[in-house]
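The structure appears below as structure tokens.
Read-outs: derived from the displayed coordinates by stated rules, not from any lab. This structure is a prediction, so every number in the text was calculated from the model and none was measured. As a convention, Cβ positions derive from the backbone with ideal geometry for all residues, glycine included, and neighbour counts pool all protein chains shown.
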Amino acid sequence: MTDLATPPSTSASTPAEGSGGFRTWLSRKGVTRETLGMLVVPPLLIAAVFVGFVIWRQTAELDSIEAQQLRWSEIGTLFREHLALTVTSAIIVVALAVPLGIALTRGALRRAAPIVVAVANAGQAAPSVGLLVLLFLWLGSGFWTAVIGLSLYGLLPVLRNTITGIQAVDPTLVEAARGVGMSNVGTLRKIELPLAIPVIMAGVRTSLVLITGTASLACFINAGGLGEIVQTGIALFRFSLMVTGALLIALLALFIEWVGRLLEIAYRPKGV
Amino acid sequence: MSESTQHHQQADEKGSARTVSGAEIQLKDVVKRYPGQKNAAVNDLSITVPAGEVVMFIGPSGCGKTTSLKMINRLIEPTSGTITIDGDDIRGRDADELRRTIGYVIQGGSLFPHLTVADNIAVVPKLLKWDKKRIAERTEELLDLVGLEAGRYRDRYPRELSGGQQQRVGVARGLAADPPVVLMDEPFGAVDPITRQRLQDEMLGIQRELGKTIVCVTHDIDEAIKLGDRILIFSEGAKIEQYDTPENVLAAPANDFVADFVGAGSTLKQLSLSRVNELNFVDWTTARIGDDAQDAVRRAEAAGQECVVVLDDRGRPIAWPWNRNLRRASTIDVKRREELVTLDERATLNDALDTMLSSSHAGAIVTDARDKYLGVVDFESVTAHIRTQEAAAQEAQEARSEEAAS
């Protein structure tokens, strides 16, 4: 009983010799030439722009206000604050939105999904400054107030993609899983979630970038971050500070988007 | 695996012993009514599927055949009535555990794309908490059973397989935990006709070996005739129109509905009842790679044949070159392995005609389950067989009318 049909030969099925191993691994992971470009180009670009900034910073004539604000230690602190705000919010977003999204695809809760998505939509449509200020009035200033605001703001993409991702799993696969005796929870864990992961991770990446950008507003409620450089620049009318702040935030957002892509590829199940 | 699974020998009609590892399925007064629908999807269905038999469910779409199938493994819960497997009411058991003891094969295989072939097959054994070694051995065994080389396919992902191969893995997954009962939902609906024919032949071979109780939904009457020990023809509301052997359904349709459904040309459909191995094979000239080409051509010409069947070292046919192409060669050599379409000896005459019609040789090479060469059939061998059958039928009829007259 040999096969009449030969398998569709894919580069993935025939492990290439020697140095082709990495390429094989990439193509097994579903990484095409374009995505490979998306992975290699951004870090190079980020590095180039950052080196340019360092050269300018070391050579430019700075007045005392600029020098004060652009100390490396000051930039470092603000960068760490910004990153802490982003990462903490993102973790909270994932911890909330993924289980909530899963719950909204199960049983009777399924009917509530559109309502919850509408609420999350409204949360994102609200101006981010407004959201932060309202929370400030209610909870006072500080790191955690900012984190709550950012989390609310970044919730939607992950929530929506979790729901979409799970709903997009081929229903015949779910029925096949149930049909061979997997429990409801087992089917979710072994079939639905792994297959939904690429979509969920895309949501996480979108959310991360949103949060990185929005975290520049955290300085308005005294929660730090790179936005402070921009704010100082505006308040004291120092053009160099405004540009520096904006540039650093943009670089961080690009970098985070790149990390998001790496995570997306790392978590993508093989064979999909 | 239920302990009550029977392992005993049962003689089939042809008198040869056959293994039965299946269990009897009984549906009694089963009704399925969906809320908001006036007519029941399944209205009072009572049938018995004998242990070790293949029963084909067939009927127009929306007749309730799939619903009836899915009630057996509780993917759909009946509104009322009882279903028993080997005498045990299926509602007495946890639905998930019940399903682990019933094989389930779906159209296209429905393999989990993120799992390797081996992991797909191992799904049920893992749920049953078999140890690793046992699972690995079982996977190997099953891949062999469905004709896929374990070393080559074990670690592949479904998207790296052809449709037919995916379907084979789907069958292997359904058989993984050696269930006494296997449910199939249009298992070969998604593959091309030649592959489908192959898969059907293989399934018959597997079934002969294992003797499971198989309930299979299909929309293809030829498939039903070919695979079924019995055919159950449904009309709307899962009403039984006829439940009988393929021979009887063809020879004596119970009513107009069945006659319509089976369709015109039921003599033609009879072709699906006879197997290729009932034919007289033509003794064809064969040669092996490396043999003297001129000698082969001489032998072929002496036999009045225009081509030579080339076999490999394991006796499997690999090419069917014409004499005129061999004349210039000194030894027989097959450089490019052509896609030689061969005919399994378990294939039906219908399949045989199909294969012959698409072949430029006006014949087909017959192989056994291990792909070894058996002989060649041509149109003449098929018509000769039909003639003897007709003669036998006529004789039987004359004998009957004589009996009635006396």
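Label positions at B:E140 and B:D192, each projected 7 Å from the Cα along the C-beta direction, are separated by 3.4 nm. Per residue, chain B reaches -10500 deg cm²/dmol at 222 nm when only DSSP H runs of four or more residues are counted, each adding -39500 (n - 2.57). Take each residue of peptide B:115-122, count the partner chain Cβ atoms within 10 Å of its Cβ, and average: the result is 2. I need A:W72, B:W284 ordered by Cβ neighbour count within 10 Å, fewest first. The fewest-first ordering by Cβ neighbours comes to A:W72, B:W284.
Name the shape class, rounded, prolate or oblate, that the alpha-carbon gyration tensor gives for chain B, where a ≥ b ≥ c are the square roots of its eigenvalues, rounded holds for a/c under 1.5, and otherwise prolate holds if a/b is larger than b/c and oblate otherwise. Oblate, since a/c reaches 1.5 and b/c is not below a/b. Once both labels are positioned 7 Å from their Cα atoms along Cα-to-Cβ, the gap between B:S46 and A:M38 label points is 6.2 nm. When B:I102, A:I234 are arranged by Cβ crowding within 10 Å, least crowded first, meaning fewest neighbours, the order is A:I234, B:I102.
Across region A:142-154, computed HN-Hα scalar couplings (Karplus, 6.51 cos²θ - 1.76 cosθ + 1.60, θ = phi - 60°) run x, 3, 5, 4, 4, 4, 4, x, 5, 5, 4, 5, x Hz from first to last residue, x flagging Gly and Pro. Taking the Cα centre of chain A as origin and assigning +1 to Lys and Arg Cβ atoms and -1 to Asp and Glu Cβ atoms, the resulting dipole is close to 760 debye. By the equivalent-ellipsoid construction on the alpha carbon gyration tensor, chain A comes out with semi-axes of 42, 28, 11 Å, ordered largest to smallest.
Of B:D96, B:D155, the sequence from fewest to most neighbouring Cβ atoms within 10 angstrom is B:D155, B:D96. Comparing A:A84, A:V51, A:S64 along the charge dipole axis of chain A, the residue lying farthest to the positive side is A:A84, per the Cβ-charge model.
Between the beta carbons of B:R328 and B:R288, assuming R0 = 22 Å, the FRET efficiency works out to 0.70 to the nearest 0.05. Each of A:G154, A:L39, B:A118 was placed along the dipole of the protein assembly as shown (beta-carbon charges, centred on the mean Cα), and the one lying farthest toward the positive end is A:G154. The calculated FRET efficiency for the pair B:V341 and B:A396, based on their C-beta separation and a Förster distance of 45 Å, comes to about 0.80. Overall, the protein assembly as shown carries a charge dipole of about 2960 debye about its Cα centre when +1 sits on the Cβ of Lys and Arg and -1 on the Cβ of Asp and Glu, all other atoms neutral. Computed extension gain for B:T383 through B:D131, at 0.36 nm per residue and net of the alpha carbon distance, reaches 85.3 nm.
Placing R0 at 45 angstrom, the Cβ-Cβ distance between A:N184 and B:E278 gives a FRET efficiency of 0.35 after rounding to 0.05. Computed from label points 7 Å out along Cα-Cβ, the spacing between A:I234 and A:L139 is 2.2 nm. Computed 3J(HN,Hα) for region A:133-139, one whole-Hz value per residue from the Karplus formula 6.51 cos²θ - 1.76 cosθ + 1.60 where θ = phi - 60°, is 5, 4, 5, 5, 4, 7, 10, glycine and proline marked x. Counting, for every residue in B:301-308, the Cβ atoms of other protein chains within 10 Å of its Cβ and taking the mean gives 0.
Relative contact order, whole percent, for chain B stands at 15, derived from Cα pairs under 8 Å and 6 or more residues apart. Take every DSSP beta bridge whose two residues both sit in region B:277-383; close to 65 percent of them are antiparallel.
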